Amino acid sequence: MGIFILERIYHIQRPWLNKKYIESAQPKTTTPHHEGISLVLCVYNEAKYLKQYLKSWIAVDYPNLEIIIVNDGSEDDSLDIIQQLTSEHSHIQIITIDHQGKKKALETGIQKAKYQCIALTDIDCYPNSDKWLHAMTSSFKKSGCLIGFAPYHYEKHSIVNGLMQFEMKLLGEDYLKAAIQGKAYMGTGRNLMLWKPDFLEWKANNLNKLATGDDDLFIQYCAKKKLCDVVTHPSTWVYSAPPISIRHYIQRKSRHQHSGRIYPLALQFRLFLLNLPTIVYSWSILFAIVSGYLPIIFMLSTLILYFSSGGVLLRPRNIQKFLTFALGRWCYGILFPYGILRTLWTDKSKWLG
């Protein structure tokens, strides 16, 4: 019972982002520039998502926009779909390379970009507004990077969806709050703007063999040089499709956790403390259920969570979404240790680029 009470106290008192805090901490709006932006998209066997989302990126409203689609050696119909959907758009450049992983594809797209301002996202995403780039550039200072928010859109009531909604709430609000405080340590490549000269300079001096995680390392580099800003207005959001299965989620989570092993020790400790209450909470409930004890405290605590601690960014607004969210939170705490162990016993060559 003590574990439940302590966990509830921590969760309620944790400084979630709120509307007043977000508005007071936004970077000063700059005069929107229209010098040109290169939007880079990497594609590998994404036929399903191309049919669903590519049109939304083509429809983005911005003058002097270049869209670079890097086909990373897709083996399905991705290239045919790309050519079919982009044939009438002269501002779209298609680059095909041998399959070398997303990291190499992304570097290729950035190097080929003709504009200095680079916007990054994924093909399984869509912008919350066709004015997305207008909203992003109004806060971009033509240096370092600009972190945007990229929640997972709610497709249906499922454990996987609840899992991702909770993870994005937990980690998303924490890294956004850290960035607002000038202590950015991570972001998401699904919604990131960077200044090409700064990225290439950092890349030339920071070589690593990780298949993922370069975006976070670049963000940490920019934060140290005071070149990192953050924007949280809904018009700058980019929604992403959640994983299709628990297995897919674990694979993705393991990659992220493996990349996190090269974070500074202080950041690793921060993330450990961030996840610890949920891990303890979830496993305590599991043991309570196994032991035959009816977890009344759990039911009470979820009600407290619903009424008092849902941050402004991703608070479930109806009982079905809330129950899915609460179940996803419990699963997150159960699966998190497994993801860490998986990074230890998996052949490290699978994580290298």
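A short reminder: the numbers here are calculations on the coordinates, not readings from a lab. Remember, predicted model here, so these are calculated numbers, not experimental data. Cβ sites come from the backbone with ideal geometry, for glycine too, and all protein chains shown count toward neighbours.
Which whole-number percent is the relative contact order of the range 47-145 (Cα, under 8 Å, 6+ apart)?
Details: 92 pairs, mean separation 40.2, N = 99.
After rounding, I find 41 percent.
For the range 193-292, the fraction of alpha-carbon pairs lying more than 19 Å apart is 64 percent, rounded to a whole number. Seen through its C-alpha gyration tensor, with square-root eigenvalues sorted a ≥ b ≥ c, the range 83-157 comes out rounded because a/c lies under 1.5.
So what's the gap between the Cα centers of the range 38-83 and the range 212-261, to the nearest angstrom? Between the Cα centre of the range 38-83 and that of the range 212-261, the gap is 20 Å. Suppose every K and R has +1 on its Cβ and every D and E has -1 on its Cβ; what is the size of the dipole of the range 163-231 about the Cα centre, in Debye to the nearest 20? Dipole of the range 163-231, to the nearest 20 debye: 160 debye.
Here the gap between S143 and S90, fully extended at 0.36 nm per residue and compared with their Cα-Cα distance, gives a gain of 16.3 nm.
Go ahead and collect, in residue order, the members of the range 96-140 whose backbone nitrogen is under 17 Å from a label point 7 Å along the Cα-Cβ direction of N64. Of the residues in the range 96-140, 113-119, 133-140 have backbone N under 17 Å from the label point off N64.
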